[in-house]
Amino acid sequence: MIIEPKIRGFVCVTAHPDGCAANVKEQIEVARAGGKVADGPKRVLVIGSSTGYGLSSRIQAAFGCGADTFGVFFERPASNGRPASAGYYNAATLEAEARKEGLYAGSLNGDAFSDELKDKVIERLKKEMGPIDLVVYSLASPRRTDPRSGETFKSCLKPIGQSFSSKTVDTDKDLVHEIQIDPADGEDVHSTIKVMGGEDWERWMECLAENDLLADNFKTIAYSYIGPKLTWPIYKNGTIGKAKEDLDRAATVITDQYKNLGGEAYVAVNKAVVTQASSAIPVVPLYISILFKIMKEKGTHEGCIEQIVRLFRDRLYGGNEVELGDDGRIHVDDLEMKPEIQAAVAEIWPLITSENLKELSDYMGYQNDFLKLFGFGVDGIDYTRDVDPDTALPGGDW
């Protein structure tokens, strides 16, 4: 079949297997170009491993560190002539490429929040990998069912305390307009923390520890974002920000709980990039478009894989002592948050309109990156060619 992009709001409901494969291979080359990381991890579990920073983390672990990896994700296989989701194609390509290198690569596709999937992962790790020395927690989800209570919680992106008004961009219509978002209530905050906070991260670590699957001196890391003040009402100081604060709490608990193993838990604050998650956040796509233009002009722009290569090579491993900011987090957003970069964004922000959007920002770059998430707009791919949407996942489905 010939597969074309079909966009619904902030998601593309189709994905191209050849384009997704090319994207993964491009990231693999970036990881290889960074050289093997000294003292890098050897057995890595990535929870949320099929897109964004989680995918890049698994790629860097395998091809930048030579590690065996196990990925956990929730993606849609191809069925009835319908293409699989982009993350499914990403995972299939990564695992096939890892096996060419003689690296172990396994996976399970299902609800990472559930105890049933955790049990299946534990069973596979015992048989196929052994104790894990790095656990990457990189889940982004709109809902979570608590396996202990059976209650389902839904996350939301809302300000706290008062309504929030700002510019945003309608990416369907290329239209800059004002948006107003009503404030969250207490249940909104609680539910978002239950979905996007640190509770499930803690549960994963408990399961691994109970089954002797945490190596001595293991590390575990979860990803966060802070961003500039103009996004704080909807992000840092909003419901999602409260959930990210809960990751800090969980990191402290995990480190204290597994002192006997010498384990260390961290939260890394990463740069704004185009992901399926970030594209859903009001204001952020417009901010990213402006940011990309400025950072590309300065020669400091990074995508997911460049960020993660730097995180592994210069912060977590490579013979370097882990450097924490005043807030106790690892900061890989340092280039984005340079005062001169943020001052340039602040100068452009009040001037931008629908008419000058493409002139004052890298909006086209944002759009291209968005399409690439789903395997479209990739150089060298013939999109007029019939392709088979069915792709087997080497590591197996559940």
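Any read-out appearing in this document is the output of simple, stated calculations on the displayed coordinates, not a laboratory observation. Just so we're clear, the structure is a prediction, and the values are computed from it rather than from any experiment. Here the Cβ is made from the backbone with ideal geometry for all residues, glycine too, and neighbour counts use every protein chain on show.
Quick notes on this structure:
- In a fully extended conformation the segment linking residue 298 and residue 206 would gain 28.7 nm over its present Cα-Cα distance, using 0.36 nm per residue.
- Cβ charges +1 (Lys, Arg) and -1 (Asp, Glu), total dipole of the chain, debye: 200 debye
- Relative to the current alpha-carbon distance between residue 257 and residue 379, full extension at 0.36 nm per residue lengthens the span by 39.1 nm.
- Theoretical FRET efficiency, 1/(1+(r/R0)^6), r = Cβ-Cβ of residue 101 and residue 26, R0 22 Å, to 0.05: 0.85
- Value of relative contact order over the range 7-372, rounded to a whole percent, pairs C-alpha under 8 Å and six or more apart: 18 percent
- Among [x] 1.13; [y] 0.95; [z] 1.06, the entry derived from the coordinates for Cα Rg over 2.2 N^0.38 Å: [y]
- Residue by residue, the range 305-312 carries 3J(HN,Hα) couplings of 5, 5, 4, 6, 4, 5, 4, 5 Hz when phi is fed to the Karplus relation 6.51 cos²θ - 1.76 cosθ + 1.60 (θ = phi - 60°); x denotes Gly or Pro.
- With a simple spin-label model that places each label point 7 Å from the Cα along the Cα-to-Cβ direction, the separation between residue 1 and residue 358 comes to 3.1 nm.
- Inter-part distance where the range 85-133 and the range 305-379 are each reduced to a Cα centre, Å: 28 Å
- Selection from 22, 47, 352 lying farthest towards where the dipole of the chain points positive, charges on Cβ: 22
- Modelled label positions at residue 249 and residue 185, each set 7 Å beyond Cα in the direction of Cβ, lie 2.2 nm from each other.
- Counting only DSSP beta bridges whose two residues both lie in the chain, roughly 30 percent are antiparallel.
- Chain lengthening between residue 175 and residue 36 when straightened (0.36 nm per residue, less Cα-Cα): 45.6 nm
- Residue 119 versus residue 320: modelled label distance in nm, points set 7 Å from Cα along the beta carbon direction: 4.2 nm
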